[in-house]
Amino acid sequence: MIQYASIFLFVLGLYGLFINKNVIKLIVSLNVMEIGLFIFIISIGYVGDNAIAPIISNTQDLGLIYVDPLPQALVLTAIVIGVGTTALALAIAKSIYNTYQTFDLDEMEESA
Amino acid sequence: MRKLFGLAITFALGLVIILALNNTVNFPAFGEVNLSERISGAYLSEDNVEEVGSANLVTSIVIGFRTFDTLGEVTVLFISSLGVAFILGRKKQKRMNLNFKPNFMLRVGSNILLAIILVTSFYIILHGHLSPGGGFPGGAMIASSVLLLYLADDRFRSNIKGFKLLEGFAGSLFVIIGLLGLVFATAFFANYLPTGTIGNFLSAGIIPIIYVLIGLKVGSEIAGIIDNFLTEEERA
C-alpha cells in the first residue's frame with residue numbers, strides 16, 4: 001500500500017515541476033519526486049511483518065528473516081547524490097538571483 | 001491552461017505506473033517477497049557474509065561488494081561540491097552577516113553542542129560495520145556541526161583550506177587502499193586484511209578504514225558547500 005503513497009509523491013513532484021515558475025519551488029518539487037522514489041525503492045525490499053533489520057551479531061543469526069539489504073544500500077547511495085545535486089541546483093539559483101534579482105522564470109524572460 | 005495540462009499529464013503518468021506495476025509477475029505485492037529468488041539472497045548467504053565479515057549487511061554491500069560504486073558516488077559528490085565552489089566562489093570573500101547579534105550564551109552553548117555532535121558523528125562513522133549508520137550519515141553530521149558554528153557565531157569562518165586538504169587526503173587514501181588490493185590480493189578494493197569475528201569492533205578488514213575515510217571526505221565536502229553558501233562577495 002505504501003507503494004501507492006510513494007507513486008503519489010512522485011507524480012506530485014512532477015505536477016509541481018509543471019506548474020511552478022519559481023526556481024526554488026522547482027528544486028523543492030525535484031526533491032519531493034526524489035523522496036517518492038526513495039520510499040518506493042525501500043518498499044520493494046520489505047519482506048513481511050516478522051522481518052528484522054539486516055544486522056547480524058553472529059553467523060547463526062543468518063537463519064532469521066531479514067528485509068532486503070540491497071535497496072537500502074542503493075538508496076544510501078542515491079540520498080548522497082541527491083544532496084549533491086540539490087546543492088548544485090541551489091548554487092545555480094543563487095547565481096541566477098544575483099544576475100536578475102528574481103527567482104521567477106517569467107520575470108527573468110522580461111528583463112532579459 | 002498550463003495547470004490543467006500538467007494535471008492531465010501527471011494523472012496519465014501515475015495511471016501508467018500503477019497499471020504497469022499491477023500487471024507484471026516480476027513485481028510482487030508489498031511484503032510478499034522471497035529473497036532467495038532475488039540477487040539479495042546471495043548477499044545474505046553464509047559464505048558471502050563470512051567473506052566480508054561485516055555485521056551490518058547494508059555496509060557489507062556498500063563497502064564490501066560494491067566499493068567501486070561507492071568510489072563513483074564519492075566522485076559525484078566531489079564534482080557537485082566542485083561545481084558549487086565554481087559557481088559561487090569568488091576571489092574576495094567575507095562571511096554573510098546574520099540578522100541578529102548572537103549573545104554570549106548562544107556562543108558557549110553551541111560549543112558544548114558541537115562537542116556532542118562531533119562525538120556522536122565519529123561514533124557513527126567508526127561503528128558503520130556494526131550498527132546502522134556509517135561514513136555518509138556521519139559525514140553529514142560533521143558538516144552540520146560546521147553549519148551550527150556558522151549560525152551561532154557571527155565571527156566564525158571555517159578553515160576552508162584545511163577542509164580542502166582533508167578532502168584530498170581522504171579521497172586519495174581511499175583510492176590507494178583500493179590499489180593495494182591489487183598488490184596483496186587479486187582485485188581492486190579486494191579485502192586483504194583479516195576479517196576477524198563478526199560483531200567485533202576490529203573486524204571486516206578494510207571496511208572500517210574505508211568508511212572512516214569516506215566519512216571525513218563527505219564531511220569536508222558538505223562543509224565546503226555550506227561555506228560557499230554562507231560567504232558572499234566583498235562589496236567595497
Can you name the residue in segment B:182-196 that is among the polar types (S, T, N, Q) and surrounded by 14 or more Cβ atoms within 10 Å (Cβ to Cβ) and is also farthest from residue B:127 (Cα to Cα) among such residues? B:191
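Does segment B:208-229 include one or more residues that are in a loop (DSSP other than H, G, I, E, B) and of a type in the set (A, V, I, L, M, F, W, C)? Spell out how you get there, then give the answer.
Looking only at segment B:208-229, we keep the residues that are in a loop (DSSP other than H, G, I, E, B), and these are none.
So far as segment B:208-229 goes, no, none of its residues is in a loop (DSSP other than H, G, I, E, B) and of a type in the set (A, V, I, L, M, F, W, C).
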Of the residues that sit in segment B:48-61 and are in a helix (DSSP H, G or I) and within 9 Å of chain A (Cβ to nearest Cβ), which one is surrounded by the most Cβ atoms within 10 Å (Cβ to Cβ)? B:59
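Does segment B:124-163 hold any residues that are among the hydrophobic types (A, V, I, L, M, F, W, C), within 12 Å of residue B:114 (Cβ to Cβ) and either in a helix (DSSP H, G or I) or out of contact with any helix residue (DSSP H, G or I) (no Cβ under 9 Å at 6 or more places or on another chain) (or both), and which are they? Don't jump to the end; show me each part of the working.
Step one: of segment B:124-163, the residues among the hydrophobic types (A, V, I, L, M, F, W, C) are B:124-126, B:130, B:136, B:140-143, B:146-149, B:151-152, B:156, B:160, B:163.
Next cut, within 12 Å of residue B:114 (Cβ to Cβ) only: B:141-142, B:146-149, B:151-152, B:156.
Passing the criteria: B:141, B:142, B:146, B:147, B:148, B:149, B:151, B:152.
Based on this model, can you work out whether residue B:64 counts as surrounded by 22 or more Cβ atoms within 10 Å (Cβ to Cβ), within 14 Å of another protein chain (Cβ to nearest Cβ) and at positive phi?
Numbers: surrounded by 22 or more Cβ atoms within 10 Å (Cβ to Cβ): yes; within 14 Å of another protein chain (Cβ to nearest Cβ): yes; at positive phi: no.
When the stated conditions are applied, residue B:64 does not pass them.
Among the residues in segment A:35-45, are any facing another protein chain (nearest Cβ under 7 Å), closer than 30 Å to residue B:30 by Cα and not in a strand (DSSP E or B)?
Looking for residues that are facing another protein chain (nearest Cβ under 7 Å), closer than 30 Å to residue B:30 by Cα and not in a strand (DSSP E or B), one finds at least one in segment A:35-45, hence yes.
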Can you go through B:80, B:110 and tell me which one is at the interface with chain A (Cβ under 7 Å from one of its Cβ atoms) and either in contact with a Gly (Cβ under 7 Å, 6 or more places away or on another chain) or modelled with pLDDT of 75 or more (or both)? B:80
Considering (1) within 12 Å of chain A (Cβ to nearest Cβ); (2) more than 17 Å from residue B:174 (Cα to Cα); (3) surrounded by 15 or more Cβ atoms within 10 Å (Cβ to Cβ), say which one residue B:86 fails and leave the rest. (3)
I need the full set of residues from segment B:220-236 which are modelled with pLDDT of 80 or more, over 18 Å from the mean Cα position of the chain (by Cα) and either farther than 14 Å from residue B:164 by Cβ or among the aliphatic types (A, V, I, L, M) (or both), in order please. B:229, B:230
Is it fair to say residue A:98 is more than 10 Å from chain B (Cβ to nearest Cβ) and outside any loop (DSSP other than H, G, I, E, B)? no
Among the residues of segment A:66-76, is any surrounded by 15 or more Cβ atoms within 10 Å (Cβ to Cβ), of a type in the set (S, T, N, Q) and touching a Gly at 6+ places or on another chain (Cβ under 9 Å)? yes
Evaluate segment B:183-200: report whether one residue or more is over 24 Å from residue B:88 (Cα atoms) and modelled with pLDDT of 85 or more. no
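The values are calculated or read from the model by the stated rules, or taken from the named source; none is laboratory data. None of the values given here were measured: they were computed from a predicted structure. Cβ coordinates were reconstructed from backbone atoms using ideal geometry, including for glycine residues, and neighbour counts include every protein chain displayed.
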